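Engineer: Questions regarding the structure given below will be posed in turn.
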Amino acid sequence: MRIIQGYIATGLRTVRVRIGDNRAWLTIKGPSHDGGVSRYEWERQIDMEGARELMKLAVGAVIDKRRYYVEYEGHTFEVDEFYGENEGLTIAEVELQSADEEFARPAWLGKEVTGDKRYYNARLREHPYREWNDEYNP
C-alpha cells in the first residue's frame with residue numbers, strides 16, 4: 001500500500017493524517033513507554049475530503065512510503081520502504097501482544113531500532129534520512 005502521511009502536531013503526543021489505498025485515517029499517539037516498545041494510539045478512519053483538508057495543516061515534509069505486509073512464523077511484519085527525502089531507508093515493525101513476547105526474527109531483519117527516535121516517522125519529516133551524516137547516524 002502506498003502511504004502519504006502528514007503531521008499536524010508533534011512532541012510528547014503526535015497527531016497524524018494518513019492517506020493510503022483511497023482510505024484515510026486520523027491518528028493520535030501518546031508518549032512512548034518501555035524504551036519505545038509501546039505507546040497509546042487512537043486511530044479512526046475519516047473521509048478522504050476531510051483528510052485532504054487536514055493534510056494542508058501538515059507541518060514540515062510529508063512522509064511518502066510503501067508498506068508491505070510480510071507473514072513470518074505467526075507474526076505479521078509491516079515493512080515500510082521510504083521515498084522522497086527518506087529514500088534508501090526501510091523499516092520493519094511487528095505488533096506484539098506484550099513487550100516481552102518472543103518472536104522469530106527473519107534473516108532479512110536488520111538492526112534493532114526500537115526506541116531510537118531518529119526512526120520515528122514524525123522525526124523523519126524533520127530530519128530526513130538523506131540528510132543523516134556520521135554524527136547523526138553513528
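Engineer: Considering only residues that are among the polar types (S, T, N, Q) and surrounded by 12 or more Cβ atoms within 10 Å (Cβ to Cβ), look in the stretch 23-53 and name the one that is nearest to VAL94 (Cα to Cα). Explain how you work it out, then say what you get.
Structural biologist: Going residue by residue through the stretch 23-53, those that are among the polar types (S, T, N, Q) are 27, 32, 38, 45.
Now restrict to residues that are surrounded by 12 or more Cβ atoms within 10 Å (Cβ to Cβ): 27, 32, 38.
Working: THR27: 18, SER32: 16, SER38: 11 Å.
Looking at residues that are among the polar types (S, T, N, Q) and surrounded by 12 or more Cβ atoms within 10 Å (Cβ to Cβ), I get SER38.
Engineer: Between residues in the stretch 82-110 that are in a loop (DSSP other than H, G, I, E, B) and residues that are aliphatic (A, V, I, L, M), which pairs lie under 8 Å by C-beta distance while being six or more apart or on different chains?
Structural biologist: The qualifying pairs are LEU89/LEU124; ALA99/VAL37; PHE103/VAL94; PHE103/LEU96; PRO106/VAL70; LEU109/ALA92; GLY110/ALA92.
Engineer: Now for a different question. State the number of residues belonging to the stretch 85-111 that are under 28 Å from HIS127 (Cβ atoms), small (Gly, Ala, Ser) and exposed (fewer than 14 other Cβ atoms within 10 Å of the Cβ).
Structural biologist: 3
Engineer: Just to be sure before I move on: is GLU81 under 16 Å from ILE4 (Cβ atoms), of a type in the set (D, E, K, R), surrounded by 14 or more Cβ atoms within 10 Å (Cβ to Cβ) and modelled with pLDDT under 95 in the structure I sent?
Structural biologist: Details: under 16 Å from ILE4 (Cβ atoms): yes; of a type in the set (D, E, K, R): yes; surrounded by 14 or more Cβ atoms within 10 Å (Cβ to Cβ): yes; modelled with pLDDT under 95: no.
Answer is no for this residue.
Engineer: Determine, yes or no, whether LEU124 is touching a residue at least 40 places away in the same chain (Cβ under 8 Å), surrounded by 10 or more Cβ atoms within 10 Å (Cβ to Cβ) and hydrophobic (A, V, I, L, M, F, W, C). Steps first, answer last, please.
Structural biologist: Working: touching a residue at least 40 places away in the same chain (Cβ under 8 Å): yes; surrounded by 10 or more Cβ atoms within 10 Å (Cβ to Cβ): yes; hydrophobic (A, V, I, L, M, F, W, C): yes.
Considered against the rule, which asks whether it is touching a residue at least 40 places away in the same chain (Cβ under 8 Å), surrounded by 10 or more Cβ atoms within 10 Å (Cβ to Cβ) and hydrophobic (A, V, I, L, M, F, W, C), LEU124 comes out as yes.
Engineer: For the stretch 54-75, which positions are over 13 Å from the mean Cα position of the chain (by Cα) and surrounded by 12 or more Cβ atoms within 10 Å (Cβ to Cβ)?
Structural biologist: Answer for the stretch 54-75, where residues must be over 13 Å from the mean Cα position of the chain (by Cα) and surrounded by 12 or more Cβ atoms within 10 Å (Cβ to Cβ): LEU54, MET55, LEU57, ALA58, VAL59, GLY60, ALA61, VAL70, TYR72, HIS75.
Engineer: Return the total of residues in the stretch 10-69 being more than 22 Å from GLU81 (Cβ to Cβ), touching a residue at least 40 places away in the same chain (Cβ under 8 Å) and outside any strand (DSSP E or B).
Structural biologist: Counting residues in the stretch 10-69 that are more than 22 Å from GLU81 (Cβ to Cβ), touching a residue at least 40 places away in the same chain (Cβ under 8 Å) and outside any strand (DSSP E or B) gives 7.
Engineer: Collect the residues in the stretch 111-138 that are under 19 Å from GLY11 (Cα atoms), part of a loop (DSSP other than H, G, I, E, B) and out of contact with any helix residue (DSSP H, G or I) (no Cβ under 8 Å at 6 or more places or on another chain), keeping them in residue-number order.
Structural biologist: Once the filter is applied, which keeps residues that are under 19 Å from GLY11 (Cα atoms), part of a loop (DSSP other than H, G, I, E, B) and out of contact with any helix residue (DSSP H, G or I) (no Cβ under 8 Å at 6 or more places or on another chain), the stretch 111-138 yields TYR120, ARG125, GLU126.
Engineer: Right, another one. What number of residues in the stretch 3-22 are under 14 Å from LYS65 (Cβ atoms) and surrounded by fewer than 12 Cβ atoms within 10 Å (Cβ to Cβ)?
Structural biologist: Looking only at that region, the number is 1.
The values are calculated or read from the model by the stated rules, or taken from the named source; none is laboratory data. These numbers were taken from a predicted model, which means no experiment stands behind them. Heads up, the Cβs are rebuilt from the backbone with ideal geometry, glycines too, and the neighbour counts pull from every protein chain shown.
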